[in-house]
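Data first, discussion second: the structure below is written as structure tokens.
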Amino acid sequence: MGSLILDALNVRVQGQGEKVLVFAHGVGTDQSAWQRILPFFTPYYRVVLFDLVCAGSVNPDYFNFRRCTNLEAYVDDLLNILDTLGVDRCFYVGHSVSAMIGILASIRRPELFSKLILIGASPRFLNDEDYHGGFEQEEIESVFQAMEANYEAWVNGFAPLAVGADVPDAVREFTRTLFNMRPDITLFVSRTVFNSDLRGILGLVKVPCCIIQTSKDVSVPASVAEYLKNHLGGENTVETLRTEGHLPHLSAPAMLAPVIKRALSR
Amino acid sequence: MVSDHEQVEEMARSFNRKVHFHDIPDAILSSIFSLITDTRSRNAMSLVCLKWHLLERSTRTFLSLRGNIRDLVLLPTCFRAVTNLDLSLISPWGCSIPDSSLNTTVLAQVLHWTFPSVVTLTVYARNPSILRLLAPQWPYLRQVKLVRWHQRSSTTLGSDFVALFEHCHSLASLDLSHFYNWTEDLPPALEAYPSIAASLSHLNILNYTSAQGFKSHELLAITSACPNLREFLATCIFDHRYIGSVGDETLLSLATNCPRLSLLHLVDSSSMSAARGDPDNDGYTTEDARISQNMLIEMFSALPLLEELVLDVCHNVRDTWIALEMLNSKCPRLKSLKLGQFHGVCKGIDARPDGIALCSRLESLSIKNCADLTDSGLISISLGCPRLTKFEVQGCKKITKLGLTKVASILRKTLTEVKISCCKHLNTVTSLQALEPIQDSLQRLHIDCVWEMVEQSVSEATSSAKSPGFKCSEKRRGIWEETNLKKKYKKYNFNGDGYASSTWAKLQYLSLWIEAGELLNPLALAGLDDCPMLEEIQIKVEGDCRHQSSPSSPDDFGLSSLRCYPRLSKMNLDCQTAIGYALTAPSGHGDLSPWERFYLNGIEKLNLTELNYWPPQDIDVNRRSLTLPAAGLLAQCRTMRKLFVHGTASEHLLRFLLEVQTLRDFQLREDYYPAPENDTSTEMRIDSCSRFEDALNRRAIPD
């Protein structure tokens, strides 16, 4: 089982240092999204990179639809990788969905993580009575229905047509990265992501967290960062980057790297 | 009639009884086979029977290896006659052979034994170790081309070349045009191996991989080390504000260093960026080059064997008619000339030919950015150079349809290749109208797709080609007013002026430039509707997609409009100069995936067999990657045999392409600098590529 997962998920270890730093990408990208950030950290840390099983760069045959119905399967993968590599303590940087995965992992294995750095994170994307997650149930449903109704076209590569100009900005921005995967996997993973609700268990997290938010992320409202800070069980800080967008590691690496560094040193 | 027919039949029968193809002696068959160069034909020939197979293999001198690197030990052994071997396309593209987990000594031996006669070699040299491995296997190499788009590994200066020079003492030709290295790498290597340098007759350092130009002292060092050069191509810096720029002294010294030159190309490094330029600027750069007419004359005198000359200077060289008038006598063999930013090449003010027009032996002429070239100059040139088969004008803002029509008319017996680009008064319609006199003979054409009509000036009235009834055709937000144009075009036809339909009977190759966001559909209406022989088309898209809203309606660039060309089978679709956002578009801006859908929509209707595709790029993150719509659309091309994507793609999306049953040859070629290192690229993984190719090769191919 061990080395199989290292190969399958393209696990790479780079850099020299005593402490281990894990970078986990969000849905729709792969580990190369961290390329511009890496040089800031490889001199000082042993950096672990990997691809989520749903990533475009992973053999789609490995994606098990029965297993990956919720985020726990992804947590299993992460913990498997760390165990195979013999990591007993690490810092974890997770973007978007991987932030959620990191939160879940730290509840299962609190001693494994010294600190969680969460970029563009959200415990729940759908709006609720008193909670503003950023997406309305009806908006998401309409997207899924468009995908499913036109599934043939979707699978043949015309997906973005279904999510056209009339879809709200938030949905469009978020789904843009989703479309880098095989369409049936995209549909499946989207459902998984939008069905997830971690609000109830946030209190179980004891690991200190640094929540990094951009000044304007259409997929994650500003209030979510505050919500996380207030509800995550450990010691939490919020850092706001003076840049917009959901992927600061791609669009503003020079601004993001020092913020991560500061968070790691505290 | 009947008896004639019977007689012929009788003759045919008797002829058949006497001689059969198999009766031809092997020696003659061999000679026949060796004249055939088309690979597909040769492969077909080798399947006929064992004898033909052996004969074909024994006359096969050119081979390009396309398998996967881990299968290299399974090389077929029948190609022992190969003298020209291309190893640069082995999969995964750009891999480093010695770094892969193969037994390299065994591999070297296998290569040596399988191809004992190799004399010409093309190889992807990621780092010097591959050359250290291969060069000793073929010590009699005469021509070598090195390819590298990846970053240069941190080795000592010139170590790539030293590995080669140390073992290949018969080296006569070195091509580094697609090899990324520093300009400081080559001179010391040449100086360390003076005998090889002295026997080099062809050196190509006109580098497409980088914008570096060789400095003047480097050029002089190289040319003095290689005095027997016959062909020399180099990028240099003509801007005198830079240290090491090339001016009078350098050019003259270069010429005296290598008096045997028959081919000389000196191109300013800024010209390599391939941007089209602005047709509206005045044509003069702010700075002049330090090139004087007297020096040019002396330089021409020093190169009496010159047959082909390219001086693509990106800074003004003025009053050039003075030197050009001497060119014909100083360089009597000169057949091909290209000049960039040379002003005053031909004044054409009176009946006497002047300037270039005196070079009567020219067969190929390319004039780029000549700010004062007028119609009279053009006419003078075409009268003075009656042998021209290839004529190019780019960035000449004073020439109009009148001049070009005269050129086409005067040279109609010889002209077969024409390029018109970035000339303010020559948009697509007027260019095509001007070329009407050579419609029947033109074989290769480049035009820019500029659909706005320029108001034709009065002086333009020629005899029969009156200014047509097209007024300013409006383009509103990308929606082409096709109906308007068509109506007016038809009206023009019925007027009886000029031509009825425009049949370009011999046009085989068409190259187009088009701005990002513009549609292709108007092309047929512009005058290119009937091209029965057109097989190959090249489309270059240039522009900034970031600030335009991604096209939603119509969301179709118009590739399917090319269906009117029945024989079209090969296409190069180059969108790399269309810049956009890959993943990081700010809110409110679109990313590149709807643009890829825009450009590729309808491609399946074209029955293409070969496609080279350069995806649009996000320059901020050096990403040129297939998106989902692109993969889906490409997968619908049911006749595609060869597909090369010059960028990256993820495994999920590559799987789409397995649906194309006829696809035999596919490769991701990141031939841009810097080519992504495997770990750092967007979606490049060696294993992904290998898995995909295995899947591709496992399928049965119907034809």
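The values are calculated or read from the model by the stated rules, or taken from the named source; none is laboratory data. Just so it is clear, the model here is predicted, and its values are computed rather than measured. Counting neighbours? That spans all protein chains shown, and the Cβs are built from the backbone with ideal geometry, glycine included. Heads up: the accessible areas ignore ligands, DNA and RNA and are worked out on the full protein's heavy atoms, side chains in. Shrake-Rupley method; radii C 1.70, N 1.55, O 1.52, S 1.80 Å.
A few comments on the model shown:
- Based on Cα contacts under 8 Å between residues 6+ apart, region B:70-140 shows a relative contact order of 44 percent.
- For the segment A:49-61, counting C-beta atoms of other chains within 10 Å of every residue's C-beta and taking the mean gives 4.
- Calculated from backbone phi, Karplus (6.51, -1.76, 1.60) coupling profile of region B:173-180 in Hz, x at Gly/Pro: 9, 10, 10, 10, 5, 10, 10, 6
- Cβ-defined net charge surrounding B:CYS385, 9 Å radius [Lys, Arg +1; Asp, Glu -1]: +1
- For region A:1-265, with all protein chains in place and a probe radius of 1.4 Å, 49% of the accessible heavy-atom surface sits on carbon or sulfur.
- Among B:ARG597, A:ARG242, A:ARG262, the order of accessible area from largest down is A:ARG242, A:ARG262, B:ARG597, computed with a 1.4 Å probe on protein heavy atoms.
- Rounded FRET efficiency, nearest 0.05, which uses the C-beta distance separating A:VAL13 from B:THR39 and R0 of 51 Å: 0.70
- Charges were assigned to the Cβ only: +1 to each Lys and Arg, -1 to each Asp and Glu. The resulting dipole of chain B about its Cα centre is roughly 1400 debye.
- Summary of the geometry: region B:391-448 and region A:214-235, compared by the centres of their Cα atoms, lie 63 Å apart.
- Gained length - B:LEU50 relative to B:GLU536, 0.36 nm times residue gap less alpha-carbon distance: 171.5 nm
- Amide H contacts under 5 Å for B:LYS145, placed H, 5+ residues apart: B:LEU121, B:THR122, B:VAL123, B:ASP175
- Averaged over B:628-635, number of beta-carbon atoms from partner chains that fall within 10 Å: 5
- Relative contact order for region A:1-265, counting Cα pairs under 8 Å that sit 6 or more residues apart, in percent: 19
- Ligands, DNA and RNA excluded, the heavy atoms of B:LEU75 present near 20 Å² of accessible surface to a 1.4 Å solvent probe.
- Global geometry of region B:509-698, whether rounded, prolate or oblate, following the gyration tensor of its Cα atoms and the 1.5 cut on a/c: oblate
- The figure for B:GLU515 is an accessible area of roughly 90 square angstrom, using a 1.4 Å probe on the protein chains alone.
- Karplus (6.51, -1.76, 1.60) ³J(HN,Hα), θ = phi - 60°, over region A:253-266, in Hz, Gly and Pro reported as x: x, 5, 8, 6, 4, x, 5, 5, 4, 4, 5, 6, 7, 7
- Proximal charge balance of B:PRO532 [Cβ under 13 Å; K/R count +1, D/E count -1]: -2
- Trypsin sites (Lys or Arg not before Pro) lying in DSSP loop within region B:206-289, provided at most 12 other Cβ fall within 10 Å: B:ARG241
- Listed residue pairs exceeding 21 Å between alpha carbons, taken from B:LYS424/B:LYS570; B:LYS368/B:LYS419; A:LYS206/A:LYS229; B:LYS401/B:LYS424; B:LYS145/B:LYS335: B:LYS424/B:LYS570; B:LYS145/B:LYS335
- Measuring between their Cα centroids, region B:71-133 and region B:563-609 lie 35 Å from each other.
- Averaged over B:28-41, number of beta-carbon atoms from partner chains that fall within 10 Å: 0
- Prolate/oblate/rounded label for chain B (Cα gyration tensor, a/c 1.5): rounded
- Charge tally in the Cβ shell below 13 Å around B:ARG318, where Lys, Arg are +1 and Asp, Glu are -1, B:ARG318 excluded: -2
- Loop-resident sites, region A:67-129, for trypsin sites (Lys or Arg not before Pro), counting at most 15 other Cβ within 10 Å (DSSP): A:ARG89
- Chymotrypsin sites (Phe, Trp or Tyr not before Pro) lying in DSSP loop within region B:138-174, provided at most 15 other Cβ fall within 10 Å: B:TYR140
- Put simply, the amide H of A:VAL22, placed in the peptide plane, has neighbours under 5 Å in A:VAL48, A:PHE91, A:TYR92, A:VAL93, leaving out anything fewer than 5 places away on its chain.
- Each stretch of four or more DSSP H residues adds -39500 (n - 2.57); spread over every residue of chain B, this sum gives -8000 deg cm²/dmol at 222 nm.
- The calculated FRET efficiency for the pair A:ASP130 and B:ASN103, based on their C-beta separation and a Förster distance of 45 Å, comes to about 0.10.
- Once backbone amide H atoms are built at 1.01 Å from N, B:GLN341 has B:LYS368, B:ASN369, B:CYS370 as its partners under 5 Å, excluding neighbours fewer than 5 places away on the same chain.
- Taking every alpha-carbon pair under 8 Å whose residues sit at least 6 apart, chain B reaches a relative contact order of 6 percent.
- Accessible surface for B:GLU287 stands near 50 Å², nearest 10, in the context of the full protein assembly shown (1.4 Å probe).
- Between B:SER360 and B:GLN548, the distance separating the two model label sites (each 7 Å from Cα on the Cα→Cβ line) works out to 4.9 nm.
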